[in-house]
Structure formats: structure tokens, C-alpha cells
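Presented below is the structure to which this report refers.
Any read-out appearing in this document is the output of simple, stated calculations on the displayed coordinates, not a laboratory observation. Since the structure is predicted, the reported quantities are computational estimates derived from the model, not experimental observations. So basically every Cβ, Gly included, is an ideal-geometry build from the backbone, and we count neighbours across all protein chains shown.
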């Protein structure tokens with residue numbers, strides 16, 4: 001009995017990356033790892049039977065994680081995007097870190113200190129984040145004393161907080 005499999009290369013650049021990491025880690029690389037990487041590069045959900053391979057790929061720096069809990073997503077690593085010469089694409093996909101997002105909110109609030117910043121404006125500062133994520137960042141900034149809320153609901157506006165500096 002003969003079996004013939006035919007395949008078409010859908011992403012030659014991705015294949016080049018796989019060859020590179022395969023050459024570096026061939027003894028430790030399994031077919032199931034390739035299936036995980038393929039699903040991630042196509043931005044498809046990982047099948048349950050492949051999720052066991054994720055921790056090792058994360059440890060080896062081949063993939064990266066975005067978010068936590070049920071909202072966790074995986075992307076190909078900075079190495080992959082460097083291989084493609086697309087450093088900016090990695091940063092865009094990975095998103096900004098928490099402190100950078102907070103700094104952007106503070107900057108917007110500071111620039112609008114005279115009239116205050118309604119929540120809808122702050123959502124526009126970080127369009128990649130959900131409403132709840134923006135609210136959480138604002139609550140953290142408020143708890144740190146960096147911003148303050150005046151008013152409530154739709155009439156509420158965010159202003160720079162009163163900072164106290166240690167001598």
C-alpha cells in the first residue's frame with residue numbers, strides 16, 4: 001500500500017523560519033510543535049490536544065504570550081519577526097506593556113488638564129484595549145494618586161492627580 005501526500009507551501013517565509021529553528025533545535029522539536037506554530041501563525045485557536053506543547057515553546061522563546069486567563073493569545077516570537085525584518089509588526093501584535101499604556105493615559109489627561117478627559121476620549125487613546133481594561137488602568141492610576149475623577153457617569157472627567165513628592 002502506498003500513500004502520497006501532496007502539499008502546497010502557503011507561507012514560504014514561515015517555512016524559512018521553521019527551517020532555521022529546526023536546525024537549531026531539531027532533536028527537541030516534534031511534529032506537534034510544528035502544528036502549534038502553524039496554528040499560531042495563521043491566528044487560529046489551538047486545539048486542546050496541542051496545548052500541552054505551549055509551555056515548552058514559550059520557554060524556548062519560539063512563541064510569546066499576550067494576556068492572561070481565558071483571554072490568553074499566542075504570537076510568534078520576536079525572533080520570528082526579526083527573521084522577517086518586521087520588528088514593528090511584533091510590537092503592534094504584542095501590544096504595549098501596562099506601564100506604557102498607563103503613561104499614555106496620563107499624557108492625554110495632562111494635555112487636557114483644563115477641560116478634563118471623559119472616558120470615551122481615554123478609550124480612543126488605547127483602542128486595542130477593551131473598556132474593562134481601560135477602566136482597570138484608570139483605577140490603578142487613581143489608586144497611585146496620579147489622576148482623579150470629577151463627576152460621575154457620562155459627565156465624569158479625569159484630571160491629573162495631586163502628587164506628593166518625598167523631600
(Q) On a full-extension model of 0.36 nm per residue, what is the gain between residue 58 and residue 104, subtracting their alpha-carbon distance, rounded to one decimal in nm? (A) 13.7 nm
(Q) So, R0 is 35 Å and r is the distance between the beta-carbons of residue 162 and residue 68; what FRET efficiency does that work out to, to 0.05? (A) 0.60
Q: Hey, for a label at residue 128 modelled as a point 7 Å past Cα toward Cβ, could you say which residues of region 60-79 have their backbone N under 15 Å away?
A: 64-68, 72-78
